[in-house]
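A.B. asks: Once you've had a glance at the structure underneath, I'll fire off some questions.
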Amino acid sequence: MRIVSLKRLEPYVLRHRIVSLIASATEIVCALGFEDALVGRSHECDYPPSVQRLPACSEPKFNIHGTSREIDGRVKTIVRESLSVYRVNGDKLKALKPDIIITQDHCEVCAVSLKDVEQAVCDWFGNKVKIVSLRPNDLKDIWQGIRQIADALSQPDRAEKLIKQCQERMLAIEQKAKNLAQPTVVCIEWIEPLMCAGNWVPELVAMAGGRDLLGKPGKHSPWMDWEQLQQADPEIIIVMPCGWDIQRAAQEMPVLVKKNEWHQLKAVKSKQVYLTDGNQYFNRPGPRLVESLEILAEIMFPHTFTFGHKAQGWRVL
């Protein structure tokens with residue numbers, strides 16, 4: 001991650017105790033220069049690597065191992081029973097004595113939700129805990145989320161500096177790509193059943209110079225069937241499964257490759273199918289969406305953009 005922490009830019013007076021229950025929010029807190037104020041994290045928070053020293057305050061209620069079909073079935077079973085997908089350790093939260101807890105109100109399947117946190121702290125009578133709940137539907141919301149966190153820390157100027165830094169890097173890519181050919185793209189966010197990426201991903205595709213055929217900016221990632229993928233028949237397919245790295249995505253790809261319809265797709269015939277680390281990049285609505293945009297630009301226009309993400313952030317199937 002090349003976004004420099006803003007810690008050295010200006011000192012802060014209040015000593016906060018922060019628990020971040022979203023991986024992207026943890027990255028935002030660190031990029032704003034408040035890593036040393038973090039006292040707890042979610043089970044998924046792993047970047048920067050130094051945050052893994054912190055106690056995890058959450059865990060999934062389902063077995064995270066298995067095929068994409070099996071995991072999807074377990075999650076849907078829990079959701080059908082109107083239960084939360086994650087468990088928050090209320091006792092651990094209380095022992096950590098945070099004055100700020102960061103969660104989200106975007107997707108109960110993606111991360112610990114506002115409802116989970118409220119239930120965990122409902123018996124803290126007399127404790128003043130500020131709950132910051134993010135709702136990142138698109139890039140605009142992500143910038144607003146950075147502002148929410150910085151405002152809770154009484155450092156709004158840091159948010160503006162971080163946002164400006166991110167946007168300038170992204171704008172440079174967008175301007176360079178706008179005069180290039182616009183390849184048609186489909187981004188796959190889950191393999192079985194098929195889901196295409198929505199929310200901020202179509203915006204990133206457009207900024208990188210592509211045309212997303214199925215994802216809608218600002219809208220939740222939609223399920224799709226084989227007929228939709230065949231009808232779209234994109235020039236490029238980018239696989240970015242939620243919560244999975246490249247190796248784990250590759251293990252699941254035979255589910256698609258074994259189908260006769262797969263081999264009829266334009267992108268497959270021209271060897272324009274790519275695996276990415278969705279977990280570290282595209283699935284996290286935080287500062288490293290800049291790197292996610294760089295990955296898309298490298299994939300679509302390898303002779304124009306070289307940021308050094310190949311092999312680590314993406315590879316050809």
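A.B. asks: Under 10 °C and 1.306 mPa s, how fast does the stretch 161-211 diffuse according to Stokes-Einstein, given a Kirkwood radius computed over C-alpha pairs? Answer in µm²/s, whole number. Provide the component values of the computation, followed by the final result.
C.D. replies: Numbers: Rh = 12.2 Å.
Estimated diffusion coefficient is 130 µm²/s.
A.B. asks: Using 0.36 nm times the number of residues separating Gln247 and Leu317, minus their current alpha carbon distance, what extension gain do you get? It would help to have the intermediate numbers written out before the result.
C.D. replies: On the way: separation 70, 0.36 × 70 = 25.20 nm, distance 1.08 nm.
Once the chain is fully extended between Gln247 and Leu317, it gains 24.1 nm.
A.B. asks: For each pair in Lys140/Lys216; Lys219/Lys269; Lys97/Lys130; Lys216/Lys310; Lys94/Lys130; Lys97/Lys128, compute the distance between the two Cα atoms and list the pairs where it is over 18 Å. Don't skip to the answer; put the middle values down first.
C.D. replies: Working: Lys140/Lys216 14 Å; Lys219/Lys269 30 Å; Lys97/Lys130 11 Å; Lys216/Lys310 26 Å; Lys94/Lys130 13 Å; Lys97/Lys128 10 Å.
Over 18 Å Cα-Cα: Lys219/Lys269; Lys216/Lys310.
A.B. asks: Here's another thing I want to ask about it. Can you give the accessible area of Cys57 in Å² (nearest 10), computed on protein heavy atoms with a 1.4 Å probe?
C.D. replies: Near enough 0 Å² of accessible area.
A.B. asks: For the stretch 184-296, just run the numbers: alpha carbon Rg, then divide by 2.2 N^0.38 Å, N being how many residues it has.
C.D. replies: Numbers: Rg = 12.8 Å, N = 113, 2.2 N^0.38 = 13.3 Å.
Normalised by 2.2 N^0.38 Å, the Cα Rg of the stretch 184-296 equals 0.96.
A.B. asks: With the full set of protein chains in place, find how many percent of the accessible area of the stretch 118-223 is carbon and sulfur; take the probe as 1.4 Å.
C.D. replies: Numbers: 2550 of 5080 Å².
C and S atoms contribute 50 percent here.
A.B. asks: OK, next. Once you order the gyration tensor axes a ≥ b ≥ c over the Cα atoms, which shape class does the stretch 247-317 get: rounded for a/c under 1.5, otherwise prolate or oblate by comparing a/b with b/c?
C.D. replies: Numbers: a/c = 2.52, a/b = 1.51, b/c = 1.67.
Taking the square roots of the gyration eigenvalues as a ≥ b ≥ c, the stretch 247-317 is oblate.
A.B. asks: Evaluate the distance, in nm, between pseudo-label points positioned 7 Å from the Cα of His263 and of Ser154 along their respective Cα→Cβ axes.
C.D. replies: About 6.6 nm separates the two model spin labels.
A.B. asks: Taking a ≥ b ≥ c as the square roots of the Cα gyration tensor eigenvalues, with a/c under 1.5 meaning rounded and otherwise prolate when a/b beats b/c, else oblate, which class fits the stretch 209-264? Write down the numbers at each step before the final one.
C.D. replies: Details: a/c = 1.73, a/b = 1.13, b/c = 1.53.
Here the stretch 209-264 falls in the oblate category.
A.B. asks: Just tell me which aspartates and glutamates come within less than 16 Å, Cα to Cα, of Lys61; anything on the same chain fewer than 8 places away is out.
C.D. replies: Glu44, Glu70, Asp72, Glu81, Glu108, Asp116
The values are calculated or read from the model by the stated rules, or taken from the named source; none is laboratory data. Please read all numbers here as calculations on a predicted model, not as lab measurements. Don't worry about glycine lacking a Cβ; one is built from the backbone with ideal geometry, like all the others, and counts go over all protein chains shown. The accessibility values were calculated without ligands, DNA or RNA, using every heavy atom of the protein model including side chains. Shrake-Rupley method; radii C 1.70, N 1.55, O 1.52, S 1.80 Å.
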